[in-house]
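This report concerns only the one structure given below.
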Amino acid sequence: MYPLLKNNRNDFFGNIIVPLRPKQYTIVVLYLNGYKKEYSCIEHPWRYIEKVKKNPKVKNCYIK
């Protein structure tokens, strides 16, 4: 009945690829003295967190 609708469904987005994960992250670092600092534009957050947690002054670190 509607032959044009059958083919339009495949090209609805026009082959646009939408990434589900961001390329850059914001990391929050909590220090032992209660100071909280945010670092933005981190491309590899787990590597960054691993290195930051080796600092003895850091209490916790997480992705925002």
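Among the residues of region 19-45, the ones that are outside any strand (DSSP E or B) and either under 13 Å from ILE63 (Cβ atoms) or among the charged types (D, E, K, R) (or both) come to 7 in all. If we scan region 35-42, do we find a residue that is of a type in the set (A, V, I, L, M, F, W, C), at pLDDT below 65 and over 17 Å from LYS54 (Cα atoms)? Taking every residue of region 35-42 in turn, none turns out to be of a type in the set (A, V, I, L, M, F, W, C), at pLDDT below 65 and over 17 Å from LYS54 (Cα atoms). Among residues of region 41-59 that are without any contact (Cβ under 8 Å) to a residue 12 or more places away in the chain, those with a beta-carbon under 8 Å from a residue that is in a strand (DSSP E or B) and hydrophobic (A, V, I, L, M, F, W, C) at least six positions away or on a different chain give the pairs LYS53/CYS61.
Within region 1-34, which residues are modelled with pLDDT of 70 or more and at positive phi? Selection gives GLY34 alone.
The values are calculated or read from the model by the stated rules, or taken from the named source; none is laboratory data. Just so it is clear, the structure is predicted and the values come from calculations on it, not from any experiment. In this analysis, Cβ positions are derived from the backbone assuming ideal geometry, glycine residues included, and neighbour counts consider all displayed protein chains.
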